Amino acid sequence: MSRHTQGRGPGGLSVRRGDDGYEDIRRAVVWNALTPARFPDVIVRAASAGDVVEAVRLARSEGLRVAVRSGGHSWCGSPLRDGGMLIDVSGLRACAVDPASGTATVQPGVTGRQLISRLGGHRLAFPAGHCGSVAVGGYLLSGGLGWNSGARGPACAGVERIEAVTADGEAVTCGGSEHADLFWAARGAGPGFFAAVTAFHLKPYPRPGAIACSRWTFPLAAVTEATHWATELAPGLSPSVELGFALAAAAPGTEPGPRVVTVTGTAFASSRREAEEFLRPLHRCPLGGRSLSRRLDEPTTYEALYASSDALWPPRLRYAADTLWSDAGFPALLSRLAKALDSASSGRSLVIAPVSPVGRPTQDMAFSALGESYAVPYAVWDDPGQDAANTGWLREAMHRVEPLGTGHYIAETDLTAAPSRARRSFTPDAWQRLRALRARYDPEGLFHSYLSPDDDTP
């Protein structure tokens with residue numbers, strides 16, 4: 001890496017603000033076309049774990065604060081900060097599976113689609129993110145609410161060890177018996193984590209022998225009745241059925257028009273027969289006469305699931321999102337968001353609400369499940385001239401439901417929205433422990449803390 005201008009080191013590349021190509025590289029590190037007007041002094045594209053060590057040491061020597069980016073969505077562009085150094089680890093893409101031990105070692109730039117594909121060759125799986133293009137780095141650090149989380153818990157529960165570079169520029173391995181506190185923070189701290197992870201050691205589970213989906217679609221006006229039906233049904237479903245709601249345009253991507261509520265159950269089972277048994281409770285619906293469509297027990301695959309999510313989140317559009325945990329039921333929560341969606345200026349905007357995002361109590365980790373229900377409204381548009389209208393719509397939608405809220409999910413919440421966003425993404429005990437561990441592992445504040453302007457961020 002060059003200390004003063006664009007150059008190469010041991011496989012890596014660095015560019016400083018003002019260099020040719022800086023702006024293209026700056027924009028490329030944010031997946032969202034709504035790129036924040038924040039400008040690092042230097043961007044380092046690491047090609048190896050050694051590059052990350054070198055970059056952290058360079059940042060220390062030059063007094064630069066550090067942010068890390070692995071290749072996720074980060075709707076608010078959290079890794080992009082003013083000043084300091086951005087270390088882009090999306091080029092670290094090694095993925096090794098050990099069939100004998102049933103474990104995998106994955107670098108942070110590996111995408112969920114790549115991970116599932118590689119594990120599939122060994123008849124293994126993992127609760128990777130719902131969007132196949134998202135890299136595992138930020139996803140796992142934030143907890144990870146992905147495929148089959150109801151049965152498998154947050155994805156970070158499947159992380160057994162990490163390899164990381166600490167604020168003093170040292171490469172360490174962290175797990176239950178070494179640097180256990182840093183390992184605790186790595187499982188859930190998200191973009192405020194105070195080290196740079198270069199590898200995750202995962203414990204996958206046996207790959208499902210069959211996946212199937214059942215889906216009911218109703219007019220948006222039926223949202224209260226549909227959510228009552230599905231949430232009453234949910235306790236009797238297998239934990240391996242991922243049940244969720246989507247409030248969206250009947251024809252996504254069109255001009256504002258009719259909106260619908262869709263109830264989808266996705267079963268991860270050992271066989272086609274078992275998948276159908278898991279989904280049988282969804283066959284009968286008291287609202288059947290109001291349904292616009294129903295599709296029952298349709299076989300699918302991980303690749304097909306990823307293709308569906310790709311259609312919802314195409315690249316080069318403009319996105320804003322926020323999250324809410326709540327102890328209110330889905331009928332109350334989603335009826336308010338349905339009213340908000342009716343006023344959305346973009347036909348692409350939508351609301352996603354998984355019924356059981358985490359099906360078991362969280363283990364000893366920073367990740368915090370903060371409510372019985374969970375929802376994410378997304379503003380999605382393509383015209384830069386509509387930025388204010390769409391971000392304003394998102395804030396208004398959140399304003400409608402925040403009185404019902406118990407907290408946020410650090411991976412997708414809008415950390416620019418309010419001073420409390422980061423703190424309210426953790427339990428009070430977890431927040432205090434994160435503050436104490438940051439003071440211990442990064443006393444000089446080398447790594448950027450949360451983008452949220454909290455007065456007491458760790």
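Of all residues in the stretch 220-254, those being over 30 Å from residue 315 (Cβ atoms) and assigned to a helix (DSSP H, G or I) number 15.
Residue-wise test of (1) surrounded by 21 or more Cβ atoms within 10 Å (Cβ to Cβ); (2) touching a strand residue (DSSP E or B) at 6+ places or on another chain (Cβ under 9 Å); (3) among the small types (Gly, Ala, Ser).
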position	(1), (2), (3)
38	no, no, no
48	no, yes, yes
68	yes, yes, no
92	yes, yes, no
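All of (1) in a helix (DSSP H, G or I); (2) loosely packed, with under 15 Cβ neighbours inside 10 Å; (3) touching a residue at least 40 places away in the same chain (Cβ under 8 Å); (4) out of contact with any Pro (no Cβ under 8 Å at 6 or more places or on another chain) hold for residue 274 with one exception: (2).
Of the residues 154, 108, the single one that is closer than 18 Å to residue 358 by Cα and not polar (S, T, N, Q) is 154.
Among the residues of the stretch 372-414, those that are buried (at least 19 other Cβ atoms within 10 Å of the Cβ) and among the small types (Gly, Ala, Ser) comprise 373, 375, 379, 397, 405, 407, 411. The residue pairs whose first member lies in the stretch 195-211 and is over 16 Å from residue 149 (Cβ atoms), whose second member is surrounded by 22 or more Cβ atoms within 10 Å (Cβ to Cβ) and small (Gly, Ala, Ser), and whose beta carbons are closer than 6 Å, counting only pairs six or more residues apart or on different chains, are 195/164; 197/164; 210/275. Scanning the stretch 100-116 for residues that are more than 18 Å from residue 149 (Cβ to Cβ) and free of Cβ contacts under 8 Å to residues at least 24 places away in the same chain yields 100, 101, 114. In this structure, is residue 243 over 30 Å from residue 437 (Cβ atoms), among the hydrophobic types (A, V, I, L, M, F, W, C) and over 21 Å from the mean Cα position of the chain (by Cα)? Taking the combined requirement at face value, the residue does not satisfy it. Taken over the stretch 167-182, the criterion of being outside any loop (DSSP other than H, G, I, E, B), touching a residue at least 24 places away in the same chain (Cβ under 8 Å) and either aliphatic (A, V, I, L, M) or buried (at least 20 other Cβ atoms within 10 Å of the Cβ) (or both) is satisfied by 171, 182.
Values in this text are rule-based calculations from the coordinates and carry no lab data. These numbers were taken from a predicted model, which means no experiment stands behind them. Please note: Cβ atoms are built from the backbone with ideal geometry, for glycine as well, and neighbour counts cover all protein chains shown.
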